[in-house]
Ligand SMILES: [Zn+2]
């Protein structure tokens with residue numbers, strides 16, 4: 001008996017493993033081709049799985065309204081960085097597997113008829129890490145928002161700064177934070193949408209500087225991971241630590257919103273804020 005049959009009690013032949021995934025919350029077997037239709041929610045427990053960027057863009061914008069900016073901006077290798085692989089090789093691999101040049105996609109779109117600037121981070125591209133290009137693209141996005149007097153939405157999903165770019169990567173924290181400050185001075189709303197996971201240098205900069213912070217249910221949001229914190233303070237962390245509901249109840253974020261309600265919630269927010 002195969003492990004699939006043991007798991008599901010099914011006597012059906014094995015489904016090739018690239019056609020399905022298991023819900024990380026309840027273990028339900030989910031067929032990949034059904035996921036986009038169901039917005040990457042578990043059909044059994046409603047767990048919010050990570051959503052590919054183009055599905056995310058389709059979720060938040062009106063049909064065919066997204067126009068991408070700076071899509072061909074590519075990372076350099078300023079430090080000639082090599083760990084177990086050379087940085088340019090890692091980039092090349094990420095480009096091939098994700099079909100985009102960097103860990104963020106930015107552009108303008110309409111959301112229930114309203115023009116917005118939208119940035120969406122891609123966790124599949126080197127863990128959504130922020131190097132110079134991610135910082136530059138987001139900064140340009142916010143500068144465009146100021147020029148055009150439009151609200152900004154940034155969807156974060158990131159392991160943090162990109163270590164292969166060392167200090168250049170850390171400088172993006174200051175740069176993007178400064179861009180958010182300019183949005184603020186211009187009196188334009190910026191909504192930060194935190195998805196699983198938002199951590200490290202991204203959570204320590206623009207992702208936590210929104211006028212409104214919205215998180216998806218159960219998203220991991222924090223700076224250092226729970227394991228590192230436990231090892232440092234030598235204490236057991238409370239149940240649900242760094243998950244969105246925990247952060248909401250401790251006043252760290254403003255709302256936890258189900259994926260199906262994100263677009264109408266953003267629309268309502270902008271009509272209140274603008
Ligand atoms: Zn589930």
Exercise for the section: Scan segment 16-32 and report the pairs whose first residue is under 18 Å from residue 219 (Cβ atoms) and whose second residue is within 13 Å of the ligand (Cβ to nearest atom) and in a loop (DSSP other than H, G, I, E, B), with Cβ atoms within less than 6 Å and a gap of 6+ or a chain change. Expected result: 23/42; 23/47; 25/45; 25/47; 26/44; 26/45
Handout entry: Candidates 207, 174, 215, 145, filtered to the one that is crowded, with 22+ Cβ neighbours inside 10 Å, under 21 Å from residue 75 (Cβ atoms) and touching a residue at least 24 places away in the same chain (Cβ under 8 Å)
Key = 207
Handout entry: Verdict on residue 73 being within 16 Å of the ligand (Cβ to nearest atom) and touching a residue at least 60 places away in the same chain (Cβ under 8 Å)
Key = no
Fill in the blank from the handout: Picked from segment 36-51 (must be more than 12 Å from the ligand (Cβ to nearest atom) and in contact with a strand residue (DSSP E or B) (Cβ under 9 Å, 6 or more places away or on another chain)), the residue nearest to residue 258 (Cα to Cα) is 39
Practice task
Could you grab me the full set of residues in segment 82-103 that are touching a residue at least 40 places away in the same chain (Cβ under 8 Å) and crowded, with 16+ Cβ neighbours inside 10 Å?
Solution key: 87, 90, 100, 103
Fill in the blank from the handout: residue 93: passes all of (1) in the same structural domain as residue 220 (by TED's automatic domain parsing); (2) outside any helix (DSSP H, G or I) but (2)
Practice task
Inspect segment 105-112 for any residue being farther than 14 Å from residue 154 by Cβ, touching a helix residue (DSSP H, G or I) at 6+ places or on another chain (Cβ under 9 Å) and either part of a loop (DSSP other than H, G, I, E, B) or touching a residue at least 12 places away in the same chain (Cβ under 8 Å) (or both) and give the result as yes or no.
Solution key: yes
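The values are calculated or read from the model by the stated rules, or taken from the named source; none is laboratory data. These figures come from a predicted structure and were not determined experimentally. Cβ coordinates were reconstructed from backbone atoms using ideal geometry, including for glycine residues, and neighbour counts include every protein chain displayed.
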